[in-house]
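The values are calculated or read from the model by the stated rules, or taken from the named source; none is laboratory data. Here the structure is a predicted model, which means the values were calculated and not measured. Cβ placement follows ideal geometry from the backbone for every residue including glycine, while neighbour counts extend to all protein chains displayed.
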Amino acid sequence: MWVYLLVPKSLKNAVILIGSCLFYAWESPQFVFVILTTTWLDYHFVRQMDKVESPFLRKIWLVFSLSLNLGLLFYFKYCNFFVENLSEMLSEGSGTVTPWIKLALPIGISFYTFESITYVVDVYRKIHKPLRNFWLYQVYIMLFPKLIAGPVIRYHEISEQLTNRIETAELRLYGLYRFIIGLSKKVWIANTMAGYAADIYSHSPDKISTLGAWTGALAYTFQIYFDFSGYSDMAIGIGKMMGFRFPENFNNPYSSLSITEFWKRWHITLGAWMRNYLYIPLGGNQVTPPYRIYVNLMVVFLISGFWHGAEWAFVFWGLYHGFFLIVERLFLLKILQNLPKFVGLFYAFLVVVIGLVFFNLEEIPKSIAFLKIMFGEGKPDAYQSTMDFMFLFYFTLAFLFSFWILLPKGKAIQEVVFSEKYGFKEHVFASFLSFIFLILCAAKITGSDFNPFIYFRF
Amino acid sequence: MKNQFQILFYLLLTGWTLFLVNGIVPFYQPDALHGAFTPSQDTVLSWKTWWSGRFQKKMNLYCNDHVGFHPNLVRLNNQIDYSLFSKLHAKSVLIGKNGFLYENGFNRTLEGKDFIGSEAMAKRMRKLKSIQDTLQKQGIPLLVILAPNKTRTYPEFLPDYLPLHPVDSNNYNISLQLLKELNIPFMDVSEWFVKIKSESPYPLFSPYGIHWSRYGVALVADSLTHYLNQNGCYTPELTYTMKYEKDKTKIRASSDFDIGLGLNLMFSIPLDSMPYPEFNYIHQTDCAKSAPLFLADSYYWMFIYEEISRNQFGNQWVFWNYGKEIWTQEVMDKHKPYELINNKLSASELYKYDAFILIISEGNLSKFGYGMLD
């Protein structure tokens, strides 16, 4: 950050790019060349597409680019899945399994592939002109805060900021506050919930009690939200410190009153991508016969599930959400609107919690066994996790921060915290709090890895 | 206003940067952490280590352990978890009622989770019996001291979420049975402490220590003296008077606070004054002090710290720590490096000593003999 702040404006993008390459190479050294090569090819494909006039040739270049992006995504993310399933099918007859060396997954591939697609498709749709500078395209794709876990940013949302962003000290302060909020969510709530969730999920379902299963399921539900939204907050915060305005990715999803609303609040940028680059091209709501809308929805959610992971459980998870969305469109939403709010809230949250069991366990039979325990098949004397004060404390915090927007006071607090209309006094107070939280987070990160063996001293 | 925002931002960023700077060029050195802990070592960057991800993995660990103010950050985290949630970050330590600290392994042992099986234990005991027979012919006494177990002595302070389920088939019960059957002399301090704890005028374990309290060690030392003197050895008679130590710094520096120290908290746990023995030795100058060999675990350290070894055995005692390290009075006094044990027990080796005493705590019974009996 110091380097970025100290260099002249003309070198800031270079600093970002070098930093992003180092960041990616740190986590995924083998694949930094893959991402650099594909972005180079993509950039040139799009340039060629823009140069030609013929719609047919434009389409050809579009297909080239999409094939490259989706081909790589398919190869790295889904090959293992398809080969394993195919091998399993074939082995049922012959009893032999096809040998296959598992491929490693380049980190962030799902995110940057989708971003590349937005660039290619939007140029094809003539929403914006292609970039004339390859390095700017690299900055857009590799921008480190959002490279690994989003938000998924459409090119046109950020195109202006790549060359001409407004950087003010006040915006940097807001960015820093946002970063600390995200870090605190991740370090304090998500990591703590993760410990309890992992403890429960590490047991075979027949070894845990009903209360234990609910504890694990709820802990995981809060873990995934605070983990993912915390990361998004950190990305948005770092972006702001460098003058970028990334789109919001979460908006209190667990306080949704239906699954339809949930998907407007959860992973918002992925939802927007799916809508703009999949649902609308499939015909969106303007399709005949009208039932095709449901087919389109199922296709979108199937792909959304598959995007999350190459496992049948993710496919099921996507279809499961798609199913509830369709049921809501058919009749449920109308019924829910006529019922007290808490019914919708309870229903939507329950659907999400159950869905996340599949998401976490990644195996359908295991997930069903776990759900059976949750819904009454657990033995009361079986393992139910240590529901100590620490769990209750962080669980309450997670619960409060997930649902507080439903209360007028909670909503007011949230609006103040994220308002970006601070006076100097508010800034001083927020800076002080940020520093305290930074120290607390640093203590938690550092301290959690320090587990000395006292007995070795003797 | 713009400048004020600028100042605030740079102040925050500087505060942040201080963690890095103090890690690289320490301008402030906090007190080191207590407990056995191996910080990650620096690593060498090469194409191979980077490509395989080994460099990054090691570097991440290294940075975590060497970030500026690392001990303070660890203590802050430990303090928050201890004060708010009664959670500890020291491995294998658990907190019970009234802040009583236990070593986790002893529950496992009571519940037979480390039980090595009757036959394996019998094999080791038979070997010990044959050693005892050999030594007896030379007039060298052998004694097994079963050191006490804090969990067994004070189960009432265990946390409610951790009910004990002791089983019959555990290393302690089988050892006891075999010691009786084979007629090997032993002192069952574990059982003894359970019997006397309700009438004991002083605590047998400190709330924040792993090992027997200083009063507890005085009781054992007294009994050991009698045993040795009744079996052909000479050690000065030992008496003691109990006095309450009010200096908390001394208590914190003592073995009565050995787990407490390892918790690495920001603020020390409030302590009550502890009763400590003041020893008096009645030495008959015409008698030469015996030279015993102690094959023991960490329970023996209290004999050394309390100067019982020096006063009762002079410079002649030898302590084989876990059967791996050789400690003597000379090593202690001159801060010399201890030697490592290379050989198993042999008759010629044992004949050098006037007595052979094996001290073993319940948690270590699965390692009975510390691999030396073969």
Name the single residue that is farthest from the chain's Cα centre (by Cα) among those in the range A:281-293 being surrounded by 14 or more Cβ atoms within 10 Å (Cβ to Cβ) and β-branched (Val, Ile, Thr). A:VAL287
Tell me yes or no: at least one residue of the range A:283-303 is touching a residue at least 12 places away in the same chain (Cβ under 8 Å) and either among the charged types (D, E, K, R) or closer than 17 Å to A:TYR254 by Cβ (or both). no
For the range B:1-28, the count of residues that are among the aliphatic types (A, V, I, L, M) and facing chain A (nearest Cβ under 8 Å) equals 5
In the range A:348-356, is there at least one residue being under 24 Å from the mean Cα position of the chain (by Cα), surrounded by fewer than 16 Cβ atoms within 10 Å (Cβ to Cβ) and closer than 22 Å to A:ASN252 by Cα? yes
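Name the residues in the range A:194-237 that are touching a residue at least 60 places away in the same chain (Cβ under 8 Å), polar (S, T, N, Q) and under 30 Å from A:ARG172 (Cα atoms), would you?
Filtering the range A:194-237 down to residues touching a residue at least 60 places away in the same chain (Cβ under 8 Å) leaves A:196-197, A:199-201, A:203, A:205-222, A:224-226, A:228, A:231-232, A:234-237.
In the following step, the residues that additionally are polar (S, T, N, Q) were identified as A:209-210, A:215, A:221, A:232.
Answer for the range A:194-237, where residues must be touching a residue at least 60 places away in the same chain (Cβ under 8 Å), polar (S, T, N, Q) and under 30 Å from A:ARG172 (Cα atoms): just A:SER232.
Considering only the range B:278-309, state which residues are under 20 Å from the mean Cα position of the chain (by Cα) and not aliphatic (A, V, I, L, M).
First, pick out the residues of the range B:278-309 that are under 20 Å from the mean Cα position of the chain (by Cα): B:293-309.
Matches in the range B:278-309: B:PHE294, B:ASP297, B:SER298, B:TYR299, B:TYR300, B:TRP301, B:PHE303, B:TYR305, B:GLU306, B:GLU307, B:SER309.
Kindly evaluate B:GLY139 against the criterion of being over 28 Å from B:SER213 (Cα atoms), at pLDDT 90 or above and in contact with a Gly (Cβ under 6 Å, 6 or more places away or on another chain).
The answer is yes for B:GLY139.
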Sort through B:PHE303, B:PHE267 and tell me the only one that's within 14 Å of another protein chain (Cβ to nearest Cβ) and touching a helix residue (DSSP H, G or I) at 6+ places or on another chain (Cβ under 8 Å). B:PHE303
Suppose the filter is farther than 20 Å from B:MET274 by Cβ, part of a loop (DSSP other than H, G, I, E, B) and among the small types (Gly, Ala, Ser); does B:GLY209 pass it? no
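Consider A:ALA235 carefully, then state whether it is closer than 29 Å to A:GLY376 by Cα, surrounded by 20 or more Cβ atoms within 10 Å (Cβ to Cβ) and of a type outside the set (Ser, Thr, Tyr). Break it down into steps so the answer makes sense when it comes.
On the way: closer than 29 Å to A:GLY376 by Cα: no; surrounded by 20 or more Cβ atoms within 10 Å (Cβ to Cβ): yes; of a type outside the set (Ser, Thr, Tyr): yes.
For A:ALA235, the condition - closer than 29 Å to A:GLY376 by Cα, surrounded by 20 or more Cβ atoms within 10 Å (Cβ to Cβ) and of a type outside the set (Ser, Thr, Tyr) - is not met.
Okay, residues lined up against (1) crowded, with 16+ Cβ neighbours inside 10 Å; (2) closer than 19 Å to B:LEU128 by Cα:
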residue: B:THR328; (1), (2): yes, no
residue: B:LYS334; (1), (2): no, no
residue: B:GLU339; (1), (2): no, no
residue: B:LEU345; (1), (2): yes, yes
residue: B:LEU358; (1), (2): yes, yes
residue: B:LEU365; (1), (2): yes, yes
Is it the case that B:PHE55 is more than 8 Å from chain A (Cβ to nearest Cβ), among the aromatic types (Phe, Trp, Tyr), in contact with a helix residue (DSSP H, G or I) (Cβ under 9 Å, 6 or more places away or on another chain) and not in a loop (DSSP other than H, G, I, E, B)? yes
Of all residues in the range B:99-133, which are away from chain A (no Cβ under 13 Å) and either in contact with a Pro (Cβ under 7 Å, 6 or more places away or on another chain) or small (Gly, Ala, Ser) (or both)? B:GLY99, B:PHE100, B:LEU110, B:GLU111, B:GLY112, B:GLY117, B:SER118, B:ALA120, B:ALA122, B:SER130
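Return the residues of the range B:76-94 that are assigned to a helix (DSSP H, G or I) and within 8 Å of chain A (Cβ to nearest Cβ); say none if nothing qualifies. Break it down into steps so the answer makes sense when it comes.
Within the range B:76-94, the first condition is being assigned to a helix (DSSP H, G or I), and the residues that meet it are B:76-85.
Within the range B:76-94, B:LEU76, B:ASN77, B:ASN78, B:ILE80, B:ASP81, B:LEU84, B:PHE85 qualify.
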Condition check: facing chain A (nearest Cβ under 7 Å), under 36 Å from the mean Cα position of the chain (by Cα), over 21 Å from A:PHE23 (Cα atoms) and not in a loop (DSSP other than H, G, I, E, B). Does B:ASN64 satisfy that? no
Would you tally the residues in the range A:399-432 being closer than 20 Å to A:GLY230 by Cβ and touching a Lys or Arg at 6+ places or on another chain (Cβ under 9 Å)? 4
Determine whether the range B:176-192 contains at least one residue that is out of contact with any strand residue (DSSP E or B) (no Cβ under 8 Å at 6 or more places or on another chain) and buried (at least 18 other Cβ atoms within 10 Å of the Cβ). yes
For residues that are crowded, with 21+ Cβ neighbours inside 10 Å and aromatic (Phe, Trp, Tyr), scanning just the range A:252-278, find the one that is nearest to A:TYR231 (Cα to Cα). A:TRP266
Among (1) farther than 30 Å from A:PHE393 by Cβ; (2) more than 9 Å from chain A (Cβ to nearest Cβ), which single condition is B:ASP31 missing? (1)
By my count, helices (runs of 4 or more DSSP H) wholly in the range A:118-190 with at least 3 residues that are within 14 Å of chain B (Cβ to nearest Cβ) and buried (at least 23 other Cβ atoms within 10 Å of the Cβ) are A:169-184
Selection from the range A:394-447 of residues that are within 7 Å of chain B (Cβ to nearest Cβ) and of a type outside the set (Val, Ile, Thr): A:PHE424, A:HIS427, A:SER431, A:SER434, A:PHE435, A:LEU438, A:ALA442, A:ALA443, A:LYS444, A:GLY447
Please work out if A:GLU160 is acidic (Asp, Glu), farther than 30 Å from A:PRO29 by Cα and modelled with pLDDT under 80. no
